[in-house]
1. So, of the residues in segment 26-79 that are modelled with pLDDT under 80 and in a loop (DSSP other than H, G, I, E, B), which turns out to be most open to solvent (accessible area, probe 1.4 Å)?
2. Under 6 Å by Cβ, and 6 or more places apart or on different chains, what pairs join a residue from segment 41-69 that is closer than 21 Å to Asp15 by Cβ with one that is open to solvent by less than 50 Å² (accessible area, probe 1.4 Å) and modelled with pLDDT of 80 or more?
3. Could you list, in sequence order, all residues of segment 90-103 that are without any contact (Cβ under 8 Å) to a residue 24 or more places away in the chain and either surrounded by 14 or more Cβ atoms within 10 Å (Cβ to Cβ) or more than 15 Å from the chain's Cα centre (by Cα) (or both)?
Amino acid sequence: MAHSLMAERTPQEQDKYVVRFPDGMRDRLKDEAAKNSRSLNAEIIARLEDSFENSNRAPSSIDEIAKSAARQLTNAPHIPIKDREAIWSLYETIKLEETRNIRKFMTRLSEVIADAEERSAKK
């Protein structure tokens, strides 16, 4: 879990990279960070993480809402680290259950299709 790894390393141990923002972008990011109760750095990291995750899969609106809520809470400075990790762990557990349910559905769907094809072939 990337969130806890960053928390364990001191700022001096973490990777650093200087970024040149186009005019006005830093202010926009600061405004969004304030809306999300995050530091500018946490806002940038959250947006980068979202871009990686969203480019690798089709979005699910329920998943996106849950992930957004979990990410906002895990990045909120007023929530203790222990609670942040528990929130993210809960999200990951529920996501795993959702994946298992989808696999069960796909297995059952394959069985139904195979039965239908078999009945059709007998006619």
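1. For segment 26-79, the residue satisfying everything is Asn56.
2. Glu43/Leu29; Glu43/Ala33
3. Within segment 90-103, Glu97, Arg100, Asn101, Ile102, Arg103 qualify.
The values are calculated or read from the model by the stated rules, or taken from the named source; none is laboratory data. Nothing here was measured: the structure is a model prediction, and the numbers come from that model. Using ideal geometry, Cβ is built from the backbone for each residue, glycine included, and neighbour counts are taken over all protein chains shown. Protein only, heavy atoms only, side chains kept; ligands, DNA and RNA dropped before computing areas. Shrake-Rupley method; radii C 1.70, N 1.55, O 1.52, S 1.80 Å.
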